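Worksheet: the structure to be examined is printed underneath.
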Amino acid sequence: MTLKIEGPQLDERSDRNPFADVRLEWRLTHGDKSWVVPGYFAGCDNAADSGCTGGQVWRAHFVPPYEGEYDWEVDFRSGRDMAIAPSPGQRLDGHGAAGGFTVSGQPADPIRARGLLQYTGENYYRYAGDDSVFFKFGPDAPENMLAYSDFDATPSFKGFRKNWQAHASDLKPDGESYLWGNDRRGTGLLGMFDYLADAGANSVSMLLWNAGGDDRNVFPHLMGVPAQQYEAMEPRAQWQDGLVQDRFDLSKLDQWQRALSYADKRGLHLHFKLQETENDSFMDGGALGRTRKLYLREMVARFGHFLALTWNLGEENVQHPGDVRHMAAYLEALDPYDHPLVLHSYPDQKQRYRALLGPDTALNGLSLQGRQDDISDLRFDVITWSNNAKLAGKPLVMAYDEPGRADGGAGVDPDYPQERLPSKREIVLDPDLFLRDGLWNALTAGANGVEAYYGYKTGCSDLDCQDHRTRARLWREGRVALDFFRDHVGDRVLEMTPSDHLTMARDDYVLAQPGEFYVIVPGEEEIVLATGGIEGEFSVRWFDRVQGGALQIGSLDQVKNHRRRTKIGQPPSGGSGKWIAVVERLDTGILVEAESFKSQRLNDVRSWCRSADCPAGWNREGAEDYIALVPDTRKSHDDKLVRGENFSGQPGKMAIVSYDVDFPSAGRWYLWVRVHALGSEDNGIHAGLNGEWPESGARVQYCEGRGRWHWDSRQRTRDQHCGVPGGLWLDVPSAGTHTVEFSMREDGFVFDAFYLTRSPYFPEPLKKANEAAIAAAKPKSKKGH
């Protein structure tokens, strides 16, 4: 949502500074929650297209995180340095304007539906909309991505300015409305975002200010001298004399915003590096002074509404720890959304992080860098600093954003033509080194992902590269890794730890919930689990880390462990030959009979009956005891739908039936229900926990198995009316007894039992029960689970 308000007529270079001397804040409330959103000077309101330098429009952007009612009010003031000063100043026209709005329903766009990326106090970031864990992979290069010829006032020091022409043909029709200027510029850069999103990457990194740095062509500030003169200046002089330090370029920033909005729309995570080691002392001598505050405020106001972003306080940062703390705290206070906030260091200076750990730090993550050719330092770094953060009192999210040496990192694909590279390729690296020992290593070490640095000897480097097809194999196989962790690990990663000691080989990478669930990246030797005497039966599955696809069975379907060391067999033949092993304790779930409910409520319109007490005509062969929701007045789609009578789209509003369930552990428990549906209007229900009705339990919906008893776990969505498989779960806050509840969605619903399990996979006993039900000619049995 965007607020636009008219203020005084000003220009970028007016005596009265529109960036410092006017403050717009959009204050919003939703129940007991509140947000203060900083606004910014937008000039004529179409600076990206017109190139205007002034006007009277100010803007602010807000992303509503919740459904429901919102109230808002405008705080609009003027005065000397009002943007960063606490003084009341002079109220401007529009100050005190107020209103409200209502947010209802989930966004149809799945990228917007997953919501804002936020820190939640855990060692992984989550999306607020769907609560999913964020795993990332994308380029860390070129760092000067925004040194782009289609942006206004962008110099070309050392010829590093880019045109991104290699990706111009990748632009999709949806991107054309994001182009700018009368000549519709931006095709190459927007096409690059399309390429990365389609190729498999989900993150992109960039510097927002590098005056005096390696590239020197990226900055949001107004230029104080012509571009040619700026390019000839010494590094510090570029900042001191070449730029107007407290004013920003309206048209350039509007163009940045247009381009980055498209990346945000494509679902790319935006890694914003606010400065680099060469210039982190330029603003206010490295301290949090007037210039730095204005810069940070402008960046948050312009870009803070993007769904998935990380604020990185600086690349290879060497500021004083106290200055870093002040900067982090100021940025945290400015950002309304708890976005990721991290710091990057030199590979040999990670001890600088120690002064920034602890419960009072504003940082919520670390951006790590390596220096070893074989990336052998990655695992130690991730594990060490994750543990250091926890011991200091605040878990931090680990990302490994520059694996490898400065001259190598992620190499160009070996088969990429030399003649298409911008410089000579002096080093050839096996992509599988980066994929196995970089990406898979990081993900199984406890990091949320990796960004690929382009070394200066690779032929397409951190400063001169303009074609991400140079690393096409990385994106293709990196997508497979991300899909694996999203689909087969998910939330369980929060309970898993790097546990390489649990296999006998020294070159295996192991991420495990010991005794329950293991993800193993094998080395050269056969996998032998060292389970420490944990007894039980375990399933063994294999995942092709190159080709992806479903989990497969190798030489052993299951292993039964009674010893300290257990061989898990060989992977399947065929495929790429590069496998991930997935070992899981066979299900020890919780089975609850539907008829064992302790109570029901809100049952004056519809109520639950046990099978023995149901009216005539409710017999369902194949189970002796079950419950049904009666009466049933909507048997087909042709029957009239009456909300509040035969249909309840909102969970927890009608016919609630409750069960006491003893949970052995806290965490995510996946829900399966055994249903007997006859048609399309008696196959939906809602599930909740302890009187709350989470989205993850809403709209239990089955289409398969009509006319027989059928186990399934499916959630109806806007796009999948028959339900997304495995889409149902309840997050249990602690071990012990909790109340699991079901409420009406459609009358006539009949179910026999429900099953709760820590595993997201289809439990074998339930799968076999379904197979038996299909094969049998409706046999009479006692329960048939």
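The values are calculated or read from the model by the stated rules, or taken from the named source; none is laboratory data. For clarity, every value in this text was computed on a predicted model and none was experimentally measured. Virtual Cβ from ideal backbone geometry, glycine too; neighbours counted across all protein chains shown.
Of the residues in the stretch 367-376, at least one is surrounded by fewer than 20 Cβ atoms within 10 Å (Cβ to Cβ) and farther than 15 Å from Tyr453 by Cα. For beta carbons closer than 7 Å, sequence separation of 6+ or different chains, a first residue in the stretch 203-232 that is in the same structural domain as Thr154 (by TED's automatic domain parsing) and among the basic types (Lys, Arg) and a second that is in a helix (DSSP H, G or I) and at pLDDT 95 or above, the qualifying pairs are Arg216/Phe157; Arg216/Gln238. The single residue among Asp638, Asp632 that is part of a loop (DSSP other than H, G, I, E, B), surrounded by fewer than 15 Cβ atoms within 10 Å (Cβ to Cβ) and not basic (Lys, Arg) turns out to be Asp638.
Within the stretch 665-689, take every residue that is assigned to a loop (DSSP other than H, G, I, E, B) and over 28 Å from the mean Cα position of the chain (by Cα) and give me the one that is surrounded by the most Cβ atoms within 10 Å (Cβ to Cβ). Explain how you work it out, then say what you get.
Our first condition is that a residue be assigned to a loop (DSSP other than H, G, I, E, B); within the stretch 665-689, this holds for 665-666, 677-683.
So of that shortlist, the ones also over 28 Å from the mean Cα position of the chain (by Cα) come out as 677-683.
On the way: Ala677: 25, Leu678: 15, Gly679: 16, Ser680: 17, Glu681: 22, Asp682: 25, Asn683: 28.
Here the answer is Asn683.
Evaluating Glu516 against the criteria (1) surrounded by fewer than 19 Cβ atoms within 10 Å (Cβ to Cβ); (2) within 18 Å of Val559 (Cα to Cα); (3) within 30 Å of the chain's Cα centre (by Cα) leaves one unmet condition, (1).
When you look at Ala333, is it out of contact with any Asp or Glu (no Cβ under 7 Å at 6 or more places or on another chain) and among the aliphatic types (A, V, I, L, M), yes or no? Here the answer is yes, as Ala333 does meet what is asked. The set of residues in the stretch 631-666 being under 15 Å from Phe597 (Cβ atoms) and hydrophobic (A, V, I, L, M, F, W, C) consists of Ala655, Ile656, Val657, Val661. Looking only at residues in the stretch 73-115 that are surrounded by 14 or more Cβ atoms within 10 Å (Cβ to Cβ) and out of contact with any strand residue (DSSP E or B) (no Cβ under 7 Å at 6 or more places or on another chain), the one that is modelled with the lowest pLDDT is Gln106. In contact with a strand residue (DSSP E or B) (Cβ under 6 Å, 6 or more places away or on another chain), among the charged types (D, E, K, R) and within 24 Å of Asp487 (Cβ to Cβ), is that true of Arg585? Here the answer is yes, as Arg585 does meet what is asked.
Every residue, every condition in (1) surrounded by fewer than 16 Cβ atoms within 10 Å (Cβ to Cβ); (2) part of a helix (DSSP H, G or I), yes or no:
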position: Ile427; (1), (2): no, no
position: Arg436; (1), (2): no, yes
position: Tyr456; (1), (2): no, no
position: Ala472; (1), (2): no, yes
position: His488; (1), (2): no, yes
position: Arg506; (1), (2): yes, no
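Could you grab me the full set of residues in the stretch 307-349 that are assigned to a loop (DSSP other than H, G, I, E, B) and more than 24 Å from the chain's Cα centre (by Cα)?
The first filter runs over the stretch 307-349 and keeps only residues assigned to a loop (DSSP other than H, G, I, E, B), leaving 307-308, 313-314, 316-320, 335-340, 345-349.
If the condition is that a residue be assigned to a loop (DSSP other than H, G, I, E, B) and more than 24 Å from the chain's Cα centre (by Cα), then Glu316, Asn317, Val318, Gln319, His320, Tyr346, Pro347, Asp348, Gln349 are the ones that fit.
Could you say whether any residue in the stretch 103-113 is within 30 Å of Ala20 (Cβ to Cβ) and out of contact with any Leu (no Cβ under 8 Å at 6 or more places or on another chain)? No, the stretch 103-113 contains no residue that is within 30 Å of Ala20 (Cβ to Cβ) and out of contact with any Leu (no Cβ under 8 Å at 6 or more places or on another chain).
Mind listing whichever residues of the stretch 3-44 are under 26 Å from Arg184 (Cα atoms) and either surrounded by 17 or more Cβ atoms within 10 Å (Cβ to Cβ) or without any contact (Cβ under 8 Å) to a residue 12 or more places away in the chain (or both)? Within the stretch 3-44, Leu3, Glu12, Tyr40, Phe41, Ala42, Gly43, Cys44 meet the criteria.
Quick check, is Asp662 assigned by TED's automatic domain parsing to the domain that holds Phe754, surrounded by fewer than 20 Cβ atoms within 10 Å (Cβ to Cβ), among the acidic types (Asp, Glu) and in a loop (DSSP other than H, G, I, E, B)? Let's see the steps before the verdict.
Numbers: assigned by TED's automatic domain parsing to the domain that holds Phe754: yes; surrounded by fewer than 20 Cβ atoms within 10 Å (Cβ to Cβ): yes; among the acidic types (Asp, Glu): yes; in a loop (DSSP other than H, G, I, E, B): no.
Judged against the criteria, Asp662 is not a match.
Pairing each residue of the stretch 521-544 that is assigned to a strand (DSSP E or B) with any residue that is small (Gly, Ala, Ser) and at pLDDT below 80, provided the two are 6+ apart or on different chains, yields no C-beta distance under 8 Å. Taking residues in the stretch 79-102 that are free of Cβ contacts under 8 Å to residues at least 24 places away in the same chain, and partners anywhere that are among the aromatic types (Phe, Trp, Tyr), the pairs with Cβ atoms closer than 6 Å and at least 6 places apart or on different chains are His95/Phe76. Looking across Leu288, Leu250, Leu309, one residue alone is farther than 26 Å from Asp170 by Cβ, in contact with a strand residue (DSSP E or B) (Cβ under 6 Å, 6 or more places away or on another chain) and among the aliphatic types (A, V, I, L, M). It is Leu250. Scanning the stretch 673-730 for residues that are within 17 Å of Met744 (Cβ to Cβ) and polar (S, T, N, Q) turns up Ser680, Asn683, Gln701, Gln715.
Suppose the filter is small (Gly, Ala, Ser), touching a Lys or Arg at 6+ places or on another chain (Cβ under 8 Å) and at pLDDT 95 or above; does Ser607 pass it?
Values: small (Gly, Ala, Ser): yes; touching a Lys or Arg at 6+ places or on another chain (Cβ under 8 Å): no; at pLDDT 95 or above: yes.
Here the answer is no, as Ser607 does not meet what is asked.
One residue stands out among those in the stretch 380-421 that are of a type in the set (Val, Ile, Thr) and either in contact (Cβ under 8 Å) with a residue 60 or more places away in the chain or part of a loop (DSSP other than H, G, I, E, B) (or both): the one that is surrounded by the fewest Cβ atoms within 10 Å (Cβ to Cβ), which is Ile383. Within the stretch 47-59, the set of residues being under 15 Å from Arg258 (Cα atoms) and not in a helix (DSSP H, G or I) comprises Gly51, Arg59.
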